[in-house]
Amino acid sequence: MSPLPNPLPDAEAQCRQLADLIRPQLANHPALVGIFSGGAWIAERLKELLGLSEEIGLIDVSFYRDDFAEKGLHPQCRPTVIPFDVEGRHIILVDDVLYTGRTTRAAINELFDYGRPASVALAVLADRGGRELPIGATYEVWDVALADGQNLVLARNDDGQLAWRLEENA
């Protein structure tokens, strides 16, 4: 894990790097599924960068989280949309930051409600360590170490460009 650089890396450049990592797998005709919200934005960008014609899938894991009972429903819950048949497909699940692995686990659980894929790979821009579950990214661009109380957040600017920001917990 590398220390947090200042300034933060260019998220758009990282999306291009992630597309380059995924490009060799296009022969398998993978389908992209983004996890709301940062993963959905990255999946949209990857679709453009990779020149894919198929619509991406979008997953909101709110109902599948193992802490749903204590946290409740997120105020910006969105519907999951999977516009293709999952059965037997190679799926690339896309998220912005991999941390504990719980969001990824929830997304996989929901994905399997739509069918049994041939394979599921995980693509992320940033891996901050701290795993609580045995989940790892197949494609990742940035290993980063954050201090306790810090969160890495991907935002989409008014012009549609993706950018990182660092948030400090109170």
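The values are calculated or read from the model by the stated rules, or taken from the named source; none is laboratory data. Being a predicted model, the structure only gives us computed values, none of them experimental. Cβ coordinates were reconstructed from backbone atoms using ideal geometry, including for glycine residues, and neighbour counts include every protein chain displayed.
Got at least one residue in segment 110-119 being basic (Lys, Arg) and free of Cβ contacts under 8 Å to residues at least 24 places away in the same chain?
No, there is no match, as no residue in segment 110-119 is basic (Lys, Arg) and free of Cβ contacts under 8 Å to residues at least 24 places away in the same chain.
Let's see how each residue does on (1) modelled with pLDDT of 95 or more; (2) surrounded by fewer than 14 Cβ atoms within 10 Å (Cβ to Cβ); (3) in a loop (DSSP other than H, G, I, E, B); (4) of a type outside the set (A, V, I, L, M):
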site: Asn6; (1), (2), (3), (4): no, yes, yes, yes
site: Pro9; (1), (2), (3), (4): yes, no, yes, yes
site: Cys15; (1), (2), (3), (4): yes, no, no, yes
site: Phe63; (1), (2), (3), (4): no, yes, no, yes
site: Glu87; (1), (2), (3), (4): yes, yes, yes, yes
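Could you grab me the full set of residues in segment 93-119 that are assigned to a loop (DSSP other than H, G, I, E, B), touching a strand residue (DSSP E or B) at 6+ places or on another chain (Cβ under 6 Å) and surrounded by 18 or more Cβ atoms within 10 Å (Cβ to Cβ)?
Pro117
Is it fair to say Gly129 is at pLDDT 95 or above, on the phi > 0 side of the Ramachandran plot and surrounded by fewer than 14 Cβ atoms within 10 Å (Cβ to Cβ)?
no
Assuming Ile82 fulfils every condition listed in (1) surrounded by fewer than 18 Cβ atoms within 10 Å (Cβ to Cβ); (2) farther than 22 Å from Asp20 by Cα; (3) at pLDDT 95 or above apart from one, which condition is it?
It is condition (1) that Ile82 fails.
Being closer than 20 Å to Gln17 by Cβ and of a type in the set (S, T, N, Q) is the filter here; which residues of segment 128-166 pass it?
Of everything in segment 128-166, those that are closer than 20 Å to Gln17 by Cβ and of a type in the set (S, T, N, Q) turn out to be Thr138, Asn157, Gln161.
Looking at Pro75, is it touching a strand residue (DSSP E or B) at 6+ places or on another chain (Cβ under 9 Å) and modelled with pLDDT under 95?
Against the criterion (touching a strand residue (DSSP E or B) at 6+ places or on another chain (Cβ under 9 Å) and modelled with pLDDT under 95), Pro75 does not qualify.
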